[in-house]
Amino acid sequence: GWSVHDYRTARESAEQNALAVADAVSLGVVQFFTQAGQLLLATSDRFGTGWLVDEACPSHMQTVIELYPFLLNAVAVGPDGSIVCAARGDATGASAAAWPWFEGVSRDPVFTVGEPVEADFTGNWILPLVAPVTTEDGSFGGAIVGTVPLVELSALVGGVSVPEDHLVTVATSDRIVVARSTEPETRVGSPLPPLTGSDRLVEPGRWVASGPDLAGVDLTWGQVEIDPGWIVYVGVPKDIVFGPARQEAFTH
């Protein structure tokens, strides 16, 4: 019985370890969004709706990306969804009304992390951070949209001290990879492989599982859900999990 017991203990310990790393990464991502939200809302408050009719709009948006170097671009959007100006690129005549976040934010003007999209002109994946501008009576008066390149988000994940043999992936609610600790350039924007059905709920918003990663390597996983419905996955390779127990069994 000792060998089975050793295996079980090793697996449970790996699951706890994976969940602990997932918690640390979750904290980093949530803090980033919270701070970015506070900064962008302070900026949209300061500009008010006046900047929408101001020919200095492009220079205001330029100021935004200088203030917040994690942004690739800043776009001013009018209350009808028309794009008034952008810090980078000519946006004249374009509209944001069909962008996935627009309807929700125009109905309920709160800071919103949009769904990641592939930028038309560069093919890079970007994440829209939407800070609404409200009118005197609190209704939707437009928005400042800052775009974060997803590769930067992967750098944020790398900023948490993750053991280098652990694989960290952050994915949206529809399982599109938004950040990854290894090969973010090739993996960001890809869908995750289908669930293996081995997921076990530990407590609300927290699961453990085992199964292959995108490269087919078998891992023990810890999964933690974060606002806005994203999931942080941390995988520990099976040989790290079971190596000592196998060694022990072999010695016996």
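By definition, a body whose alpha carbon gyration tensor gives a ≥ b ≥ c is prolate when a/c is 1.5 or more and a/b is larger than b/c, and segment 1-130 fits this prolate description.
Sorted on the mean count of surrounding Cβ atoms within 10 Å across their residues, most packed first, peptides 127-137, 211-221 read 127-137, 211-221. The helix-only estimate of mean residue ellipticity at 222 nm for the chain, built from DSSP H runs of length n ≥ 4 each weighted as -39500 (n - 2.57), is -11500 deg cm²/dmol after division by the residue total.
Once the chain from Glu225 to Ser59 is taken as fully extended at 0.36 nm per residue, the excess over their C-alpha distance is 55.9 nm. Backbone amide hydrogens, once placed in the peptide plane, bring Trp101 within less than 5 Å of Glu115, excluding anything fewer than 5 places away on its chain.
Each Cα pair under 8 Å and six or more residues apart adds its separation to the average, and for the chain the resulting relative contact order is 20 percent.
Does the chain come out rounded, prolate or oblate, given a ≥ b ≥ c as the square roots of the eigenvalues of its C-alpha gyration tensor, rounded meaning a/c under 1.5 and, failing that, prolate meaning a/b above b/c? In terms of gyration-tensor shape, prolate. Full extension of the chain segment joining Arg175 with Val4 gains 58.2 nm, where the gain is 0.36 nm per residue of separation less the Cα-Cα distance. Between Gln31 and Val217, the FRET efficiency from the beta-carbon distance, with R0 = 51 Å, is close to 0.95. For the pair Asp90 and Glu185, label points projected 7 Å from Cα toward Cβ lie 3.1 nm apart. Going by accessible surface with a 1.4 Å probe and the largest first, Trp51, Trp125 read Trp125, Trp51. Peptide packing for 228-235, 111-118, 189-196 was compared via the average number of neighbouring C-beta atoms within 10 Å per residue; ordered from the highest value, the list is 228-235, 111-118, 189-196. Annotation: extensible slack from Ala42 through Ser198 equals 51.7 nm (criterion: 0.36 nm per residue apart, minus Cα-Cα distance). Scanning residues 5 or more positions from Ser82 or on other chains, those with amide H under 5 Å from its amide H are Ala96, with H placed 1.01 Å from N in the peptide plane.
The values are calculated or read from the model by the stated rules, or taken from the named source; none is laboratory data. Source: prediction; values computed, not measured. Neighbour counts run over all protein chains shown; Cβ positions are idealised from the backbone, glycine included. These area figures cover heavy atoms from the full protein model, side chains too; ligands, DNA and RNA do not enter into them. Shrake-Rupley method; radii C 1.70, N 1.55, O 1.52, S 1.80 Å.
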